[in-house]
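Enquirer: Mind having a look at this structure? Questions to follow.
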Amino acid sequence: MGRDDERFMKITIVNYDPKTEEPIVTYRDFDHSLIKPRARNYAVAKKE
């Protein structure tokens, strides 16, 4: 399974609509120009 940055590299914004008492979920593109994305590896312990 590879990375799917096109679909998942987003900022999630949630607002509350008091009229419907429901959340409004929107997404915004994430600017990763300063820090390049890298895969997470939880199988390897962190070095402290």
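The values are calculated or read from the model by the stated rules, or taken from the named source; none is laboratory data. Note that the structure is a prediction, hence the values are computed from the model and not measured. Neighbour counts run over all protein chains shown; Cβ positions are idealised from the backbone, glycine included. Ligands, DNA and RNA are excluded from the accessible area calculation, which covers all protein heavy atoms including side chains. Shrake-Rupley method; radii C 1.70, N 1.55, O 1.52, S 1.80 Å.
Enquirer: Length gain on complete extension for the stretch ILE11 to ARG38, per 0.36 nm per residue less the alpha carbon to alpha carbon distance?
Expert: On the way: separation 27, 0.36 × 27 = 9.72 nm, distance 1.67 nm.
The span from ILE11 to ARG38 would gain 8.0 nm if fully extended.
Enquirer: Here is a further query. So, with +1 on the Cβ of K and R and -1 on the Cβ of D and E, and no other charges, what is the size of the charge dipole of the chain about its Cα centre, to the nearest 20 debye?
Expert: Using only the charged Cβ atoms, the result is roughly 420 debye.
Enquirer: What does the accessible area per residue of the stretch 1-46 come to in Å², with a 1.4 Å probe and no ligands, DNA or RNA counted?
Expert: Working: 4990 Å² over 46 residues.
In whole numbers, the stretch 1-46 has 109 Å² accessible per residue.
Enquirer: Let me ask something else. Once every DSSP H run of n ≥ 4 in the chain is given -39500 (n - 2.57) and the sum is divided by its residues, what mean residue ellipticity at 222 nm do you get, rounded to the nearest 500 deg cm²/dmol?
Expert: On the way: 1 runs with 4 residues, N = 48.
Helix contribution divided over all residues of the chain: -1000 deg cm²/dmol.
Enquirer: Now for a different question. Taking 4 °C and 1.567 mPa s as the conditions, I'd like the Stokes-Einstein D for the chain in µm²/s, using the Kirkwood hydrodynamic radius from alpha carbon pairs. Present the calculation step by step, with values, prior to reporting the outcome.
Expert: Numbers: Rh = 14.0 Å.
Roughly 92 µm²/s, to the nearest whole number.
Enquirer: What longest range of the chain stays clear of loop-exposed trypsin sites (Lys or Arg not before Pro) (DSSP non-H/G/I/E/B, at most 13 other C-beta within 10 angstrom)?
Expert: Numbers: sites that count: ARG3, LYS19, ARG38, ARG40, LYS46, LYS47.
It works out to 20-37.
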